[in-house]
1. Might you report the magnitude of the Cβ-based charge dipole of the chain about its Cα centre, with Lys and Arg at +1 and Asp and Glu at -1, to the nearest 20 debye?
2. Computed FRET efficiency, Cβ-Cβ of PHE136 and ALA46, R0 30 Å: what is it to the nearest 0.05?
3. Take the alpha-carbon centre of region 118-190, take the same for region 25-87, and report the distance between them in whole Å.
4. Can you give the helix-only mean residue ellipticity at 222 nm for the chain, where every DSSP H stretch with n ≥ 4 adds -39500 (n - 2.57) and the sum goes over all residues, rounded to the nearest 500 deg cm²/dmol?
5. Determine the gain in length on full extension of the stretch THR32-GLU71; use 0.36 nm per residue of separation and subtract their C-alpha separation, reporting nm with one decimal.
6. Tell me the net charge near THR172. Cut-off is 11 Å between Cβ atoms, THR172 excluded, with +1 for each Lys or Arg and -1 for each Asp or Glu.
7. I'd like the FRET efficiency for SER61 and THR172, computed as 1/(1 + (r/R0)^6) with the beta carbon distance as r and R0 of 30 Å, rounded to 0.05.
8. Go through THR172, THR182, TYR112 and say which Cα lies farthest out towards the positive end of the charge dipole of the chain; charges sit on Cβ, +1 for Lys and Arg, -1 for Asp and Glu.
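What follows draws every value from the coordinates through simple rules; no lab data is involved. In this text, all values refer to a predicted model and were calculated from it rather than measured experimentally. FYI the Cβ positions are ideal-geometry reconstructions off the backbone, even for glycines, and counts take in every protein chain you see.
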Amino acid sequence: MNKRLLVAAVLVLAVLVLGVTAAPALAAYPNTLDPGIAAVHPWFGAEPVIWEECDAAGNWSVWSAAEPAPEWAPYKAIPAGYDVWFVGWIFGSPRGQMVRSAGTTSIDCRLYDPDGTLRWSIKPRAAKKHWNDVEFGWEAPLINKETGKVWVIGWTYDLGRLPAGTYGGTGTWASTVPAIDTQWSPDAPDQRTPTHYSVGVWDCTYSFTVE
C-alpha cells in the first residue's frame, strides 16, 4: 500500500484530535523504519489494529494484528524475532502546531501478557518524553498555496522482543487543546479556511499475536 495513502487509513482518529527505552533509530518515524521492527498502532481506534514493517529495500507493508482483517491490511502474526514498537503519529500543517502536539496530546497505554498479567504500562506524563522530533513528511496542496509542506511527529516506544502468544491491552489518546489543519481536501475543492478540530478523548483496545 502506498505510504501516502496509508496516512488517512491509519490515523483518521489521530488527525481528528490533533521495561525499555525509546530508541533514537526511529527519530524520523513514520518516514523511516528499520527492518525487523513491528510498528504496532495500539491507538488505531478499531479492531483489528494494524502493524507496519519495512524491508531492507525500503518497501513498507501494512498488516492487521488480528482477524478478521480488512482487504487492505491482511492478517499476519508478528514474527517472534521482531522488536515490537508501539507507535502513534500526527500529521498536518502548519509546522508549529505539530511541534506543540507533543505537549498537547495526552496518551497512555497498558499491555497484558497472554495469561492476563500486566506486562507494561505508561502514563501520560511519562509518555510525553517519547515523542520524536517533527519531520518533513511530504508536499501537498494547502488552502493558501498550491503546494506546501506537511509535517509529521511520531511517538515511539520499544518493547523489545516478546515471547510467542497473543497480547492485548487498552489505551487512551487525547487532544487537550483545539487544533487547525491547513491542508486542502479534494473532497472540499472550494475550501478557503482551515479545518478546525476540537478537544477529544479516544479510548481503545487492541490485541496482537507473536509467533
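1. Details: 15 positive and 21 negative charges, 154 e Å.
Dipole of the chain, to the nearest 20 debye: 740 debye.
2. On the way: r = 29 Å, r/R0 = 0.97.
Calculated transfer efficiency: 0.55.
3. With region 118-190 and region 25-87 each reduced to a Cα centre, they are spaced 15 Å.
4. Numbers: 3 runs with 28 residues, N = 211.
So the helix-based figure for the chain works out to -4000 deg cm²/dmol.
5. Numbers: separation 39, 0.36 × 39 = 14.04 nm, distance 2.44 nm.
Result: 11.6 nm gained on full extension.
6. Numbers: positive: ARG110, LYS123; negative: ASP108, ASP203.
Net charge around THR172: 0.
7. Working: r = 28 Å, r/R0 = 0.93.
Here the calculated transfer efficiency is 0.60.
8. The residue sitting most towards the positive pole is THR182.
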